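For reference, the structure is listed below as structure tokens.
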Amino acid sequence: MPNRKQRGRTRRVFVQRHGPEGHRRRPDELIVEEPLSIQLDGTLVATTMRTPGNDYELAVGFLHAEGMLAGAPVTSVRYCADGSAVDSQFNIVTVETNGKAPTPTPRLGSTTSSCGICGADAIDELTTRLEPLTAEPFDPLLLADVADRVRSEQELFDKTGAVHAAAAFNRAGSIISVREDIGRHNAVDKIVGRMIIDGEEPQGQLGLYVSGRASFEIVQKAWAGGFGTVVSVSAPSALAAETAAAGNLQLAGFIRNGEINVY
């Protein structure tokens, strides 16, 4: 299912740069942010703001993390099932399972870190839907090196300084794939979606890196995606640590000067 190449993910503007030596006019790159509507078997499920690119992965990864696929195989992914992809500006993606996935419950409202169900209910819902993973933990010192390896592949961050990164890596510390997006959750969905589309599930043997903090949703997406280890540059939340413990995930973060915390 090849993802069609989209128009640029950055936009060039001119800025006035001010400093001790005065000011000058220079070009700058801004990250593009556009809405993506995700449909499952023709039903609109959610709309999220994202950086265009790898949209098929984002849609599949989101649906998988939310449990909406319920194990149903993805038969096709395409832009705008009801009309021209150009007319919709490549901002609608439909994931098809030939009706094998349950009828989805739309998640159409805006979501932030301050809304949603309480922590206990959130973990209970996950433990009902997902089995704890069984995998050996990674070497913590290897995890501390992953950030530098991913950083060298963050092309959009180098241009704009305004995106998050997520990456899948193996037990040797080799980076398998890197995705960038203005939303850190979107970057993770793109990583998971790529593996679902390719029919490859980590089953606890791969690690997931995120460039920001490890929130509950990041750990939830990692657990649903089969990643046995999550490592973040910043620290996790308390609910993220509880969720990792419930799923038997190794959780590490707060990387500073070659040192790392394992929670």
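For the reader, a short list of remarks on this structure follows.
- Matching residues in the stretch 99-131 - criterion: being modelled with pLDDT of 90 or more, exposed (fewer than 14 other Cβ atoms within 10 Å of the Cβ) and out of contact with any strand residue (DSSP E or B) (no Cβ under 8 Å at 6 or more places or on another chain): G99, R129, E131
- Close Cβ contacts (under 7 Å, 6 or more residues apart or on different chains) running from residues in the stretch 64-77 that are farther than 8 Å from V95 by Cα to residues that are of a type in the set (A, V, I, L, M) and assigned to a loop (DSSP other than H, G, I, E, B) comprise M68/A101; L69/A101; A70/A101; A72/A101.
- Leading residue by the ranking (surrounded by the fewest Cβ atoms within 10 Å (Cβ to Cβ)) among those in the stretch 169-187 that are in a helix (DSSP H, G or I) and in contact with a helix residue (DSSP H, G or I) (Cβ under 6 Å, 6 or more places away or on another chain): H185
- The set of residues in the stretch 137-168 being out of contact with any Ser or Thr (no Cβ under 9 Å at 6 or more places or on another chain) and either of a type in the set (F, W, Y) or not in a loop (DSSP other than H, G, I, E, B) (or both) consists of P140, L141, L142, A144, D145, V146, D148, E155, D158.
- Look at the stretch 26-45: where a residue is at positive phi and a partner is assigned to a strand (DSSP E or B) and of a type in the set (A, V, I, L, M, F, W, C), sitting 6+ places away or on another chain with Cβ atoms under 9 Å, you get D41/V95.
- Among residues of the stretch 239-263, those that are free of Cβ contacts under 8 Å to residues at least 60 places away in the same chain and of a type outside the set (K, R), counted: 10
- As a summary of the residue check, L58 satisfies the conditions (1) of a type outside the set (D, E, K, R); (2) surrounded by fewer than 14 Cβ atoms within 10 Å (Cβ to Cβ); (3) within 24 Å of the chain's Cα centre (by Cα); (4) not in a loop (DSSP other than H, G, I, E, B) except for the one numbered (2).
- Hey, V150 under 23 Å from I197 (Cα atoms), modelled with pLDDT of 95 or more and touching a helix residue (DSSP H, G or I) at 6+ places or on another chain (Cβ under 8 Å) or not: no
The values are calculated or read from the model by the stated rules, or taken from the named source; none is laboratory data. Because the structure is predicted, anything quoted here is derived from the model rather than measured. With ideal geometry, Cβ positions are generated from the backbone for all residues, glycine too; neighbour counts draw on all protein chains shown.
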